[in-house]
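What follows draws every value from the coordinates through simple rules; no lab data is involved. From a predicted model like this one, the values you see are computed outputs, not experimental measurements. FYI the Cβ positions are ideal-geometry reconstructions off the backbone, even for glycines, and counts take in every protein chain you see.
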Amino acid sequence: MEASQGCCVLLGGGWIDEDILMLALQGAWLGYDVRLLLDLSCQRCEGDEGLVIKRLVLHGVIPTTLRQTALEWSVQIGDRGLRQLVRQFSG
């Protein structure tokens, strides 16, 4: 990673207590707006997820879900049709 220019980084799809933890911390230290997609990540060691999330929040990483991110994005761009579509497909 290089120094941030005000970018948002969405992370998910790996071991939250290993790969994602290190990448998220590095991104936060470099000034990125890091979002952790919890529903796309899993834990390798039972019970570590809660501790990892608390540690990441202390460094400014925002835990969220894919559904919540898509809804926020649809509101931000002001597209009601897209917002309804996201709600429909995400339950």
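General observations
- Per this entry, LEU66 is counted among residues that are surrounded by fewer than 17 Cβ atoms within 10 Å (Cβ to Cβ) and touching a residue at least 40 places away in the same chain (Cβ under 8 Å).
- Within the stretch 70-91, being at negative phi and loosely packed, with under 12 Cβ neighbours inside 10 Å holds for GLN76, ILE77, ARG80, GLY81, GLN84, GLN88, PHE89.
- Residue in the stretch 29-39 that is under 18 Å from CYS7 (Cβ atoms), buried (at least 17 other Cβ atoms within 10 Å of the Cβ) and of a type in the set (D, E, K, R) present: yes
- Qualifying position, being free of Cβ contacts under 8 Å to residues at least 40 places away in the same chain, out of contact with any helix residue (DSSP H, G or I) (no Cβ under 8 Å at 6 or more places or on another chain) and not aromatic (Phe, Trp, Tyr), among GLY81, GLY13: GLY81
- Options VAL52, VAL57; residue that is in contact with a helix residue (DSSP H, G or I) (Cβ under 7 Å, 6 or more places away or on another chain) and without any contact (Cβ under 8 Å) to a residue 60 or more places away in the chain: VAL52
- Cβ-Cβ contacts under 6 Å between residues 6 or more apart (or on different chains), taken from a first residue in the stretch 25-48 that is farther than 18 Å from GLN68 by Cα to a second residue that is outside any loop (DSSP other than H, G, I, E, B), are listed as GLY27/VAL9; GLY27/VAL34; ALA28/VAL34; TYR32/VAL9; GLN43/GLU49; ARG44/TRP15.
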